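The values are calculated or read from the model by the stated rules, or taken from the named source; none is laboratory data. Because the structure is a prediction, the values reported are computed rather than measured. Note that each Cβ is placed from the backbone with ideal geometry, even for glycine, and that neighbours are counted across all protein chains shown.
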Amino acid sequence: MLKVSVLMPAFNHDSFIAEAIESFLAQQCDFDIELLIGNDASTDNTLEIAKSYVVKYPEKIKLIDHKQNLGLLRNYKSLINISQGEYLAVLESDDYWIDNLKLQKQVDFLDSHPSCGITFTRWVRLRDGKLSIQPDESAKHKRFSKALYESFLLWHNKIRATTVCFRRTLFDQYCNIDDYISLDFQTIDYPVFLSIIKHSDIYYFPTPTSVYRILETSISHNRNWEKALKYQIGIEQMRSYIISLYGKGNLSEFKIIFRENYLKFRMALSYRKNCTAFRFLIWEILTYSFKKLMKSQLFH
């Protein structure tokens with residue numbers, strides 16, 4: 001059986017996709033891997049570049065060319081549907097790997113630890129031409145733990161998709177991409193990672209393996225206030241969906257509400273939306289507390 005299928009959704013990344021593909025080809029593995037590229041009706045030269053690599057490496061690289069733009073989630077679904085790997089990894093077309101043993105190390109660990117469902121690593125951020133290594137998560141979490149569901153649920157997604165490798169069987173069992181599409185989720189990684197973490201161990205490698213490129217078009221780092229707020233509200237919708245399936249563990253509803261509004265408070269301040277910021281931190285919390293008080297009074 002093929003060991004790892006690497007998923008690469010691509011849209012208008014002709015300046016970056018070659019670097020991403022080359023970083024896949026540089027992987028040193030003692031097992032078979034495949035790269036699946038989904039071109040989502042790009043209007044630049046992304047398709048031509050991807051095709052050139054398929055011609056050179058037909059045994060390793062497959063391409064789906066969508067003539068109409070499907071959006072990120074439907075593009076991911078098309079790739080997952082044709083994947084053959086025991087494990088899935090993600091390498092979006094504007095990112096790249098910097099550790100040639102990334103997949104080998106992750107697969108070795110997963111093979112020897114059947115209770116572990118997902119591994120992720122430290123990463124490097126690339127923004128405005130500047131590289132910055134991200135904080136070491138091992139300082140906050142155990143390297144090998146099954147108790148991170150609540151932490152990830154509360155603090156939002158701490159895992160960069162380009163660093164992961166996870167079991168296909170767990171994805172098939174616990175992740176419903178058709179739900180994500182029908183609910184219009186903006187991203188696939190947060191609900192997938194939470195669902196897997198809820199049902200398995202997780203392992204973190206402190207050595208950086210990947211570069212995550214932040215662009216003006218990045219949905220999670222948009223400099224447009226309205227789009228940034230929409231993304232944050234989308235995260236909350238994904239959180240509510242996961243809670244409806246698997247619960248909130250020992251977290252109180254107030255703690256979740258407070259954290260969500262605190263994150264929007266900090267984001268609003270960064271966009272210099274001071275009045276909006278304090279509305280999130282004070283008014284929303286007071287409104288929530290008042291509703292809870294009135295509800296308790298009705299039942300006494």
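What are the residues in the range 229-285 that are touching a residue at least 60 places away in the same chain (Cβ under 8 Å) and of a type in the set (S, T, Y), if any?
Those that are touching a residue at least 60 places away in the same chain (Cβ under 8 Å) and of a type in the set (S, T, Y): Y241, Y246.
Name the residue that is modelled with the lowest pLDDT, counting only residues in the range 209-221 that are surrounded by fewer than 19 Cβ atoms within 10 Å (Cβ to Cβ) and farther than 14 Å from M238 by Cβ.
H221
Residue under question is T187, and the condition is that it be assigned by TED's automatic domain parsing to the domain that holds P114, at pLDDT 90 or above and within 30 Å of F254 (Cβ to Cβ); does it hold?
Taking the combined requirement at face value, the residue satisfies it.
Could you grab me the full set of residues in the range 86-136 that are closer than 24 Å to R168 by Cβ and acidic (D, E)?
Answer for the range 86-136, where residues must be closer than 24 Å to R168 by Cβ and acidic (D, E): E86, E92, D95, D99, D108, D111.
Only one of S5, S52 is surrounded by fewer than 21 Cβ atoms within 10 Å (Cβ to Cβ) and either assigned to a loop (DSSP other than H, G, I, E, B) or among the polar types (S, T, N, Q) (or both); which?
S52
Which residue is nearest to the chain's Cα centre (by Cα), if the candidates are limited to the range 242-256 and must be farther than 16 Å from H199 by Cβ and buried (at least 16 other Cβ atoms within 10 Å of the Cβ)?
I256
Filter the range 264-300 down to the residues that are crowded, with 16+ Cβ neighbours inside 10 Å and modelled with pLDDT under 80, then identify the one that is nearest to I235 (Cα to Cα).
Going through the qualifying residues, I end up with F280.
Restricting to the range 29-49, count the residues that are under 15 Å from S78 (Cβ atoms) and either among the hydroxyl-bearing types (S, T, Y) or in a loop (DSSP other than H, G, I, E, B) (or both).
Qualifying residue count for the region: 2.
Is it true that some residue in the range 240-250 is at pLDDT below 85 and part of a loop (DSSP other than H, G, I, E, B)?
Of all residues in the range 240-250, those at pLDDT below 85 come to 249-250.
Filter again for part of a loop (DSSP other than H, G, I, E, B), leaving 249-250.
For the range 240-250, residues at pLDDT below 85 and part of a loop (DSSP other than H, G, I, E, B): present.
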